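Contents: one structure, followed by commentary.
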Amino acid sequence: MGTYLITGATGAIGAAVAEILHEAGDHVILSGRSAEHLHATARRIAGETGDERVRTLVLDLADPRRIEPSLGEAELPPLDGLVHSAGGIRLGTVEKLRPDDWLDQLLVNTAAPAELTRLLLPSLRAARGHVVFVNSGSGLRSKPAWAAYAASKHALRALADSLRAEEPELRVTSVFPGRTASEMQRQVRALEGGEYDPDEFMSPRTVATVIVNALRTPRDATVTDISVRG
């Protein structure tokens with residue numbers, strides 16, 4: 001079985017990916033910015049008695065410069081996979097968006113995944129690992145009030161494409177989910193002035209299953225881009 005590090009592991013898709021991998025016997029390293037939420041997710045996945053196949057790693061992706069010190073004592077093993085599922089969103093028209101709205105999303109959604117990937121390249125190379133960037137439909141197209149978020153996700157796709165070309169021994173996949181039932185989707189609906197009904201959106205487990213299937217693809221092929229629509 002393999003070892004996988006998942007960012008945004010307390011979120012809907014990240015937690016579902018971790019659950020599916022753990023159910024299959026893999027080791028998972030759950031990463032997020034809240035130690036309390038990480039431990040709660042770990043207990044839900046591993047059970048109250050614990051399981052050595054589940055670890056937690058506190059990382060605050062809001063400031064990519066802090067990632068390297070946070071990793072300093074982690075002693076990570078070779079990684080079969082790195083799943084980037086953390087992210088943030090702010091909506092607003094170009095007229096109303098301010099520099100911090102742009103910068104905060106670019107830091108969390110693009111610069112932080114780039115920096116974490118850079119730092120974990122030795123661990124990924126050691127296992128000829130697989131990097132999955134959980135992108136968004138906004139990484140393929142934009143619409144009114146989504147400019148800053150979409151720009152960060154378009155940049156994330158560029159990061160994935162460049163990494164794939166630069167690291168031929170690694171497999172790199174971009175996943176572009178449509179709207180998925182999650183706390184972020186609840187926030188988006190509030191920003192849009194609409195109601196949130198989770199039954200109207202894809203299940204996180206559905207998206208996670210697609211991601212894990214990409215990770216399980218035999219070594220003679222790479223799934224480069226996946227669009228998932230409800």
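The values are calculated or read from the model by the stated rules, or taken from the named source; none is laboratory data. Note that the structure is predicted; figures quoted are calculated from it, not measured. Neighbour counts are summed over all protein chains in view; Cβ atoms, including those assigned to glycine, are modelled from backbone coordinates with ideal geometry. Note: areas computed on protein heavy atoms with side chains; ligands, DNA, RNA excluded. Shrake-Rupley method; radii C 1.70, N 1.55, O 1.52, S 1.80 Å.
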Worksheet item: Condition test on Ala112, is it in a helix (DSSP H, G or I), open to solvent by 20 Å² or more (accessible area, probe 1.4 Å) and farther than 17 Å from Asp80 by Cα?
Response: no
Worksheet entry | Pair list, Cβ < 9 Å and 6+ apart or interchain, from segment 121-141 residues that are within 24 Å of Pro78 (Cα to Cα) and open to solvent by 20 Å² or more (accessible area, probe 1.4 Å) to residues that are part of a strand (DSSP E or B) and of a type outside the set (A, V, I, L, M) | Ser123/Thr3; Ala127/Thr3; Ala127/Gly81; Arg128/Arg171
Worksheet item: Just checking, which of Gly88, Gly81 is at pLDDT 95 or above and among the small types (Gly, Ala, Ser)?
Response: Gly81
Item to complete: Inspect all residues belonging to segment 110-117 and state whether any of them is at positive phi and without any contact (Cβ under 8 Å) to a residue 60 or more places away in the chain.
Response: no
Worksheet item: Here are Gly193, Gly129: which of them is of a type in the set (Gly, Ala, Ser), modelled with pLDDT of 95 or more and over 21 Å from Leu106 (Cα atoms)?
Response: Gly129
Fill in: Selection within segment 151-194 - surrounded by 18 or more Cβ atoms within 10 Å (Cβ to Cβ), assigned to a loop (DSSP other than H, G, I, E, B) and of a type outside the set (Ser, Thr, Tyr)
Leu170, Ala181
